[in-house]
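Structure, as structure tokens:
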Amino acid sequence: MRFSRSATRISASSRGVPSVRGSPSNLVRWLQAGRPKTLLLAVTPVVAGIGSAVFETGRLAPATGLFTLIAAVAIQIGTNLHNDASDYERGTDTAERTGPPRATAQGWFSAQEVKQGAHVAFAVAFLIGMGLVIRGGWPILAVGIASLAAGYAYTSGPRPIAYGPFGEVYVLLFFGLAAVGGSYYLQTLTFGGTPFLLGIALGLPAAAVLLLNNYRDLETDRAAGRRTLCHYLGRSRARLLYAFLLLAPIGIIVLAWLPVNSWTALAALPLGTRLIRELFRGASGPQINPLLGQTALFQATLAGLLLVGFGLSRMT
């Protein structure tokens, strides 16, 4: 099912979001198009991977860490922009959508312009990645190519990842295992249990962000032919899965790193339980939007608390 272009243009003011049409330049629009609130999901696993590597080896490759971080953010921005344009073209972003405004649907830029922005972001990630390959070799080349390909495939091609039930798996793999593992490997040139378990622990709440997004848009996604995991689970089971995706990482971290003061991760429990409670109390539509950012913050909080635990262990 497709919608006409005129039907998919949504005014910012109609959803309570201030329009940026009066801004003196397009800078604010491009910044919003890149969805800055989602960038924490790209930054957190990289910082955690670097931090855990430094804890285990006592050494830091600062330039490598900085370029790893920039490449991860560039891939995230490219994926966001490509998703923005592709969803518009497929008719997913309609007036009934209750999420934050999208640049193409708002009419700020054409779909072609937004896709060109995505290409630029992916090109930046590719060029930086080539430098990282010099240090990390073929494993980093493989991870980089897979990440770029997944960024395009998320909403492109005959079977976009975002339009099926495996989006959360995609997030777990690339915002968890690949991001943590790749960052750790670039620092140490080794891989082991630490980046694997930490990648799972941080990938689960990242997947919870996507689950929430699809939970909010369930009806409009169905109308557009999008069959996400929420479509198959239904709202009640999706809420249970959300609770698991937030609580399981705490258990993983505490049990996996008991000798290094991992009990600090328990401090994230109040935030996690509050988010779960709000969803179970019936949060829907625009009420979900604040929970998205807070779930990303929960992931960052977990990573920060574990790094605090690592630091306490070094001091004792």
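The values are calculated or read from the model by the stated rules, or taken from the named source; none is laboratory data. Since we're looking at a predicted model, the values are computed, not measured. Cβ placement follows ideal geometry from the backbone for every residue including glycine, while neighbour counts extend to all protein chains displayed. Side chains are part of the model used for accessible areas, which takes the heavy atoms of the whole protein and leaves out ligands, DNA and RNA. Shrake-Rupley method; radii C 1.70, N 1.55, O 1.52, S 1.80 Å.
Select from L291, I77, M315 the residue farthest towards the positive end of the dipole of the chain; place +1 on Cβ of Lys and Arg, -1 on Cβ of Asp and Glu, and compute about the Cα centre.
Checked the options; the winner is L291.
Can you pull the one-decimal nm distance between simple spin-label points at R314 and F244, each 7 Å off the Cα toward Cβ?
Label-label distance for R314 and F244, simple model: 3.6 nm.
Please give, to one decimal in nm, the separation of the simple spin-label points placed at V120 and L66, each 7 Å out from Cα toward the Cβ.
In this crude spin-label approximation the distance works out to 2.2 nm.
For the Cα atoms of the chain, what angle does the longest principal axis make with the long axis of helix 269-280, in degrees from 0 to 90, nearest 10?
Tilt relative to the chain: about 20 degrees.
Let a ≥ b ≥ c be the square roots of the eigenvalues of the Cα gyration tensor of region 81-217; is it rounded (a/c under 1.5), or, if not, prolate (a/b larger than b/c) or oblate?
In terms of gyration-tensor shape, oblate.
Once each part is reduced to its C-alpha centroid, what is the distance from region 176-239 to region 131-159 in angstrom?
About 17 Å separates the Cα centre of region 176-239 from the one of region 131-159.
Mind checking the full-extension length gain between S110 and T190? Use 0.36 nm per residue of separation minus the Cα-Cα distance, one decimal, nm.
Value of the extension gain: 24.4 nm.
Taking the mean number of other Cβ atoms within 10 Å as a proxy for protection, how do you rank 238-245, 52-59, 193-200 from highest to lowest?
193-200, 238-245, 52-59
For every helix of n ≥ 4 consecutive DSSP H residues, a contribution of -39,500 (n - 2.57) applies; sum these over the chain, divide by its total residues, and give [θ] at 222 nm rounded to the nearest 500 deg cm²/dmol.
Value at 222 nm, helices only, nearest 500: -23000 deg cm²/dmol.
For the chain, set up a GNM with springs between Cα atoms under 10 Å and report which of A296, A48, A123 has the largest fluctuation.
Comparing A296, A48, A123 in a Gaussian network model of the chain, the most mobile one is A123.
Taking the Cα centroid of region 26-82 and of region 274-313, what is the distance between the two, rounded to the nearest whole Å?
That distance is 19 Å.
Which value, in Å², gives the accessible area per residue of the chain when a 1.4 Å probe is used on the protein heavy atoms?
Heavy-atom SASA per residue in the chain reads 44 Å².
Under the 0.36 nm per residue contour assumption, what length would be gained going from the current alpha-carbon distance of L27 and R274 to full extension?
Between L27 and R274, full extension yields 85.4 nm more.
Could you look at the chain and say what percent of its accessible area is carbon and sulfur, using a 1.4 Å probe and all protein chains?
68
Relative to the longest principal Cα axis of the chain, at what angle does helix 39-57 sit, 0 to 90 degrees, rounded to 10?
10
Can you give me the angle between helix 229-256 and the longest principal axis of the chain, using Cα atoms only, in degrees from 0 to 90, rounded to the nearest 10?
20
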